[in-house]
Structure formats: C-alpha cells, structure tokens
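Here the structure is laid out as structure tokens; the discussion comes afterwards.
The values are calculated or read from the model by the stated rules, or taken from the named source; none is laboratory data. The structure displayed is predicted, hence computed values, not measured ones. Every residue, glycine as well, gets a Cβ built from its backbone with ideal geometry; the counts of neighbours run over all protein chains shown.
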Amino acid sequence: MKTKDINVAILRIEGTNCEQESYDAFKRLGANPEFVHLKQLLHIDCDKNEIRDLSQYQCLMVPGGFSAGDYIRAGAIFAARIKSKLQTPLKNFVEQEYPVLGICNGFQVLTELGLLPGIDTIISPIPDACLNINDSNRYECRPTLLKHENKGKCVFTKNLKKNEIRLIPSAHAEGKLMFPLEKQNEYLKKLENNDQIVFRYVDPDGNYAGYPWNPNGSMSNIAGICNHIGNVFGMMPHPERSFYRYQHPDWTQTGLSPSEGDGQAIFTSVVDYISKRF
C-alpha cells in the first residue's frame, strides 16, 4: 500500500485536545489522517455524508486530552461509548492486525476498553488494568526519558533499537499503570515473557528510577505496553510533541542535528508497517 493511501482515523469526542498534533504527525509523513468524531462511527447525530466505518481505515488513533472531563475514571466514558456499539467492529479491526494507537488519555481509553494489556485475548469484557492517579497526587508535566525494551513485537516501535533511550514529554494526572493486586506479579511476568513491555521510565544514566524520572509511580517503571499481537499500543508520554528536534527542551544547547525528534519513530514505524503489510 502506498503511504498516501493509508487512512488514519484520529478519534475524538468532547475533551480530547491533542488531535491536531496527532493529525499533523501522520500528515507530515504523507499518510491521509482524518478527524473522526465518535458519533460518525456510531452513526448518530450526523449527516449521511459524515457517516464513517472502521473498515475505511488502516489505523485508528485515540489521542490525548481529558475526554468527557475524566469523570468516573480517565477514559472510562469514552471507552464505554465505544464499547456500546463498536465492540465487534473494533475486535475485527484488531484481529485483522490493523494498528491501534492510544497516547496518554488514549492509553487510558484502551485499558478501559479491555484492549490492553491484551495478554491472551483481543478484548476483555472487564478491564484488566487501569491508569491510576499519580503517586504525587497531582498533574505532572515534564520531559521523561524512555528506554525501548521491546524485542520487535510492537509495530509502533520497529524503527527503534532495543535499549535505545528517547526523550518524550509526559503530561498527565493519572498515569500509574496498575493491575489487579492479586495478579500484579503474574501479569508482569506474562508481559515480559510475551514481549509486551515497550517502554520503561529511566534516569539520564539509563537506570530505572523513582520520581521524578518515573512521573507517576507506574509498576516496574512501565511507560508503554502493546497487546500480545503487537498491533495495539498504549503509552502515557506524548511522541507527537517531540516529532521534530526543535521541540526538545535542550535543543539550544545540543543543536538541531539530527532534525528528527525522538517521538517521530513511533509514527514512521507504523506507517512502514501498514505499507508493507496491507
């Protein structure tokens, strides 16, 4: 498939606020992103020419923000509205190995949907994980260092080397990845064995470290995971906000070479995957 023919649905409802940066990231690479309101996929409250179906797209992205005001739990309302009518089309989309990306609030939505952690199922009827309130009990907005720990399963990081460290900004109040207390060790071991852990928070020396390097207290310093297939990926930091080198906080000291920002590879990886796979 040619890059210009790759249709990407940037899904939004009230409260999402990172859709423009997400749209721009795909557009800069030559793909064909589109803002798609959830009502268009649900076929409600929109004109006939505005109706959309998941089958029209090769990639689905749930961007960051504060969907539905983060009431109940972050991402819970957005996920419930998706699951009400789109569970079967979404399951089929993932089974056909089309990629799904959730960043920040999008990661929260994917866990509430039951698409992540996706250890041995496509979509769980009950969430197996949640993104809980940060240990600091406040909103954290800071550059974060991520070590890429995936061995090749995740289609969104195939252009990254294992153990490579990237600077990607975080901005969230609920980013602490948690599993059921009685199953935490079991889930962690399965994620590691299945090559589902994609990013971990580290300090400048590449060591796992606590606050502020881990801004939320996420277990085992996990910043991003994929499902067992590798085509559903969620991460708390924002790669769309470090697409170019000049978006890095240290660019005046280190210069603009290379011009590619540390987050750009997330988008080039999935565009390459779609081009070769479909």
Notebook entry, point to check: Looking only at region 165-201, which residues are of a type in the set (Val, Ile, Thr) and over 29 Å from HIS248 (Cβ atoms)?
Noted result: none
Note to self: Among the numbered criteria (1) modelled with pLDDT of 95 or more; (2) more than 30 Å from ILE126 (Cα to Cα), which one does VAL62 miss?
What the structure shows: (2)
Note to self: Can you pull out every residue in region 14-47 that is out of contact with any Gly (no Cβ under 9 Å at 6 or more places or on another chain) and in a loop (DSSP other than H, G, I, E, B)?
What the structure shows: LEU29, GLY30, ALA31, HIS43, ILE44, ASP45, CYS46, ASP47
Checklist line | Any pair with Cβ under 6 angstrom, 6 or more apart, that starts in region 151-178 at a residue that is farther than 22 Å from ASP203 by Cβ and modelled with pLDDT of 95 or more and ends at one that is among the acidic types (Asp, Glu) and not in a strand (DSSP E or B) | finding: LYS151/ASP195; LYS153/ASP195
Next item on the list: Name the single residue, out of those in region 48-100 being part of a loop (DSSP other than H, G, I, E, B) and of a type in the set (A, V, I, L, M), that is surrounded by the most Cβ atoms within 10 Å (Cβ to Cβ).
Entry: ALA74
Margin query: Condition check: within 15 Å of HIS238 (Cβ to Cβ) and touching a residue at least 40 places away in the same chain (Cβ under 8 Å). Does ALA31 satisfy that?
Written below: no
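Which of the residues that make up region 23-76 are basic (Lys, Arg) and more than 18 Å from ILE13 (Cα to Cα)?
The answer is LYS27, ARG28, LYS48.
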Note to self: Which residue is modelled with the highest pLDDT, if the candidates are limited to region 106-145 and must be farther than 28 Å from PRO249 by Cβ and polar (S, T, N, Q)?
What the structure shows: THR111
Next item on the list: Answer yes or no as to whether TYR211 is part of a loop (DSSP other than H, G, I, E, B), aromatic (Phe, Trp, Tyr) and surrounded by fewer than 19 Cβ atoms within 10 Å (Cβ to Cβ).
Entry: yes
Next item on the list: Give ILE72, ILE77, ILE6, ILE44 a once-over and let me know the one that is among the β-branched types (Val, Ile, Thr), without any contact (Cβ under 8 Å) to a residue 12 or more places away in the chain and farther than 30 Å from GLU186 by Cα.
Entry: ILE44
Note to self: Checking the condition out of contact with any Cys (no Cβ under 7 Å at 6 or more places or on another chain) and buried (at least 16 other Cβ atoms within 10 Å of the Cβ), which residue from CYS154, CYS130 passes?
What the structure shows: CYS130
